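Chemist: Sharing a structure with you now.
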Amino acid sequence: MKLKIAKLPGDGIGPEVVEQAVKAVDAVCKRFGHSAEYSFAYAGACAIDRYGDAFPEESYRVCLESDAVLFGAVGDPRFDNDPSAKVRPEQGLLAMRKQLGLYANLRPVETFRSLIHKSPLKEELVDGADFLCVRELTGGMYFGEKGRSDGGDTAWDTNIYHRYEVERILKLSYEYARQRRRHLTVVDKANVLESSRLWRQIAQEMAPRYPDVETDYMYVDNAAMKLITCPKFFDVIVTENTFGDILTDEASCISGSMGLLASASVGEKTSVFEPIHGSYPQAAGKNIANPLATILSAAMMFEYAFGLIEEGKVIRKAVADSIDAGIVTEDLGGKYSTSEVGDKVAELIIEKNC
Ligand code: IPM
Ligand code: MN
């Protein structure tokens with residue numbers, strides 16, 4: 001199969017980790033007889049420096065003309081402490097999500113046996129935790145009307161949701177629940193927020209259409225607690241944009257390192273695959289960042305964008321074997337560099353031991 005992949009490495013550690021994922025993709029192609037053709041585009045601070053725009057038209061076109069996008073990270077400390085900055089790297093990511101219609105962000109959380117000791121939680125709580133967070137990605141407060149008044153002393157962000165946005169993400173979540181353990185938890189704040197009451201109302205309307213899936217409802221504050229007191233409770237979690245952003249950072253720690261959490265953003269046009277850890281500028285260029293989340297995002301790319309399940313599995317197995325062999329970066333207690341881990345995973349893929 002011919003795979004047209006757009007590389008958008010972005011900022012910080014993005015380029016280094018994407019490079020390792022590309023090694024894994026090339027190794028899979030070699031093993032299974034596919035051919036990958038890459039294009040490249042800018043996003044984030046590097047795009048601002050070059051075009052004055054965090055997600056220029058040219059980058060959108062490159063994404064649109066590809067079958068999948070492999071994304072690194074955006075963000076740069078130059079912008080972080082400047083609330084008056086007119087363009088920000090993060091706007092590039094948000095613009096990409098909106099323009100590509102990527103309304104669902106899938107963030108699977110799973111544990112690796114040999115890494116359980118790295119989790120800040122007790123081993124017996126964590127061992128076997130395996131759930132999928134489905135975060136709504138193009139609505140809510142991130143995209144609602146925002147502004148300032150009162151000479152700048154009053155500010156607001158509108159958490160707006162429309163019925164069609166809630167219905168489509170719930171439908172997708174039910175479909176994923178059906179492929180898993182058939183348990184969907186709808187997370188909201190319906191005791192306070194009107195937008196959450198709409199979510200819950202629509203979920204209650206839809207639940208009877210999925211009698212084979214157990215649906216439950218949980219307030220986001222309670223869900224934040226339950227994620228660390230009983231992560232094994234969850235199978236599929238679906239929630240709005242802001243809650244999903246926060247809960248998935250929390251959930252990423254369960255497995256021992258944020259450097260392990262991959263994601264897929266899917267919707268109307270080309271899907272995007274990216275690690276959730278962000279640009280980690282302190283580590284940029286040092287060859288120390290953990291590339292596994294990006295490599296696992298490439299596994300999701302094979303599964304979700306190309307329907308190549310076996311290829312995805314082989315990448316996952318190679319990652320697990322590399323972890324078991326202790327070939328990991330320093331965040332996971334190892335002494336290996338980013339590129340060494342990337343080389344090892346690619347080698348394991350080619351070796352056909354998995
Ligand atoms: C994420 C990131 C982004 C978000 C930022 C960089 C805009 O934190 O993908 O979770 O908040 O969505
Ligand atoms: Mn986030």
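Chemist: Indicate the gyration tensor shape class of segment 103-182 (rounded, prolate or oblate), computed on the Cα atoms with a ≥ b ≥ c the square roots of the eigenvalues: a/c under 1.5 is rounded; otherwise a/b larger than b/c is prolate and the rest oblate. Mind dumping the intermediate values first?
Modeler: On the way: a/c = 4.72, a/b = 1.66, b/c = 2.84.
Note, shape of segment 103-182 comes out oblate.
Chemist: Additional query: What is the antiparallel percent of DSSP beta bridges lying wholly in the chain, to the nearest 5? Don't skip to the answer; put the middle values down first.
Modeler: Details: 18 of 46 bridges.
Restricted to the chain, the bridges split so that about 40 percent are antiparallel.
Chemist: Let a ≥ b ≥ c be the square roots of the eigenvalues of the Cα gyration tensor of segment 1-103; is it rounded (a/c under 1.5), or, if not, prolate (a/b larger than b/c) or oblate? Each step should come with its number before you reach the end.
Modeler: Numbers: a/c = 2.87, a/b = 1.87, b/c = 1.54.
Because a/c hits 1.5 or more and a/b exceeds b/c, segment 1-103 counts as prolate.
Chemist: What three numbers, in Å, describe the spread of the alpha carbons of the chain along their principal axes, ordered from the longest?
Modeler: Largest first, the chain extends 55, 48, 38 Å along its Cα principal axes.
Chemist: Something else about it: Less than 15 Å Cβ to Cβ from residue 346, Lys/Arg counted +1 and Asp/Glu -1: what total charge do the surrounding residues give?
Modeler: Details: positive: 23, 30, 31, 316, 317, 344, 352; negative: 16, 19, 26, 311, 321, 340, 343, 347, 351.
Result for the neighbourhood of residue 346: -2.
Chemist: Can I ask one more? Give me D for segment 307-347 in µm² s⁻¹, whole number, from Stokes-Einstein with Rh from the Kirkwood sum over alpha-carbon pairs, 20 °C and 1.002 mPa s. Before the final figure, lay out each step's value.
Modeler: Values: Rh = 10.5 Å.
Estimated via Stokes-Einstein, D reaches 204 µm²/s.
Chemist: Give, as a single signed number, the net charge of other residues whose beta carbon lies under 15 Å from the beta carbon of residue 173, with Lys and Arg counted +1 and Asp and Glu -1.
Modeler: -1
Chemist: Another question, then. On the principal axes of its Cα set, how long, how wide and how thick is segment 165-220? Give whole Å, largest value first.
Modeler: Each principal axis gives a Cα extent; for segment 165-220 these are 32, 18, 16 Å.
Chemist: Would you work out the charge dipole size for segment 1-118 about its Cα centre, treating the Cβ of every Lys and Arg as +1 and the Cβ of every Asp and Glu as -1, and quote it to the nearest 20 debye? Intermediate values should be presented prior to the final figure.
Modeler: On the way: 16 positive and 16 negative charges, 100 e Å.
Its charge dipole is roughly 480 debye.
Chemist: If Lys and Arg each add +1 and Asp and Glu each add -1, what is the summed charge of the other residues whose beta carbon sits under 13 Å from the beta carbon of residue 132? Walk me through the numbers on the way to the answer.
Modeler: Details: positive: 107, 135, 178, 180, 181, 182; negative: 110, 130, 175, 235, 303.
Residues close to residue 132 contribute a combined charge of +1.
Chemist: Would you please name the trypsin sites (Lys or Arg not before Pro) within segment 1-97 that are DSSP coil residues with at most 16 other C-beta atoms within 10 Å of their C-beta? Please list the in-between numbers first.
Modeler: On the way: sites: 2, 4, 7, 23, 30, 31, 50, 61, 78, 86, 97; in loops: 86.
Here the trypsin sites (Lys or Arg not before Pro) that fit, given the DSSP loop and packing criteria, are 86.
Chemist: Give a quick list of trypsin sites (Lys or Arg not before Pro) in segment 259-354 that DSSP marks as loop, anything other than H, G, I, E or B, with at most 16 other Cβ atoms within 10 Å.
Modeler: Numbers: sites: 269, 286, 313, 316, 317, 335, 344, 352; in loops: 269, 286, 335, 352.
Within segment 259-354, the qualifying trypsin sites (Lys or Arg not before Pro) (loop, at most 16 other Cβ atoms within 10 Å) are 269, 286, 335, 352.
Chemist: Report, to the nearest whole %, how much of the accessible area of segment 132-257 belongs to carbon and sulfur atoms, 1.4 Å probe, protein only. Can you show the working numbers first?
Modeler: Values: 3040 of 5640 Å².
That share works out to 54 percent.
Chemist: Related question: What accessible area per residue comes out for segment 1-127, rounded to a whole number of Å², with a 1.4 Å probe? If you can, show how the numbers build up before the last one.
Modeler: On the way: 5580 Å² over 127 residues.
Each residue of segment 1-127 exposes 44 Å² on average to a 1.4 Å probe.
Chemist: Please check: in the Gaussian network model of the chain (C-alpha springs, under 10 Å), which one of 283, 305, 129 has the largest mean-square fluctuation.
Modeler: Highest fluctuation of the listed residues: 283.
Chemist: Take the alpha-carbon centre of segment 278-335, take the same for segment 190-218, and report the distance between them in whole Å.
Modeler: Result: 35 Å between the Cα centres.
Chemist: How would you classify segment 62-133 from its alpha-carbon gyration tensor, with a ≥ b ≥ c the square roots of the eigenvalues: rounded for a/c under 1.5, else prolate if a/b is greater than b/c, otherwise oblate? Mind showing how you got there, number by number?
Modeler: Details: a/c = 3.10, a/b = 1.64, b/c = 1.89.
Judged from the Cα gyration tensor, segment 62-133 comes out oblate (a/c at least 1.5, b/c at or above a/b).
Chemist: Between segment 60-136 and segment 1-55, what's the alpha-carbon centroid distance in Å?
Modeler: 15 Å
Chemist: Filter the GluC sites (Glu not before Pro) in segment 96-190 down to the DSSP loop ones having no more than 11 other Cβ atoms within 10 Å, then list what survives. Don't skip to the end; give the middle numbers.
Modeler: Details: sites: 110, 123, 124, 136, 145, 165, 167, 175; in loops: 145.
Sparse-neighbourhood loop GluC sites (Glu not before Pro): 145.
Chemist: Select from 71, 112, 32 the residue whose mean-square fluctuation is largest in a Gaussian network model of the chain (Cα-Cα springs shorter than 10 Å).
Modeler: Answer for the Gaussian network model of the chain: 32.
Chemist: Build a GNM of the chain with springs between Cα atoms under 10 Å: which of 42, 210, 164 gets the top mean-square fluctuation?
Modeler: 164
Chemist: Report the semi-axes of the equivalent ellipsoid for segment 231-354 in whole Å, largest first, where each axis is √(5λ) for an eigenvalue λ of the Cα gyration tensor. Kindly include the intermediate steps, with their values, before the conclusion.
Modeler: Values: eigenvalues 109, 74, 41 Å².
Three semi-axes, in Å: 23, 19, 14.
Chemist: Using the Cα atoms as the points, what is the convex hull volume per residue of segment 21-163 in Å³?
Modeler: Details: hull volume 30.2 nm³, N = 143.
It is 211 Å³ per residue.
Chemist: Please compute, for the alpha-carbon atoms of segment 191-275, the extent along each of the three principal axes and give them in descending order in Å.
Modeler: 37, 37, 28
The values are calculated or read from the model by the stated rules, or taken from the named source; none is laboratory data. Everything quoted here is computed from the prediction, not taken from an experiment. No Cβ is skipped: glycine too gets one built from the backbone with ideal geometry, and neighbour counts run over all protein chains shown. To get the accessible areas, we keep the full protein, side chains included, count just its heavy atoms, and leave off ligands, DNA and RNA. Shrake-Rupley method; radii C 1.70, N 1.55, O 1.52, S 1.80 Å.
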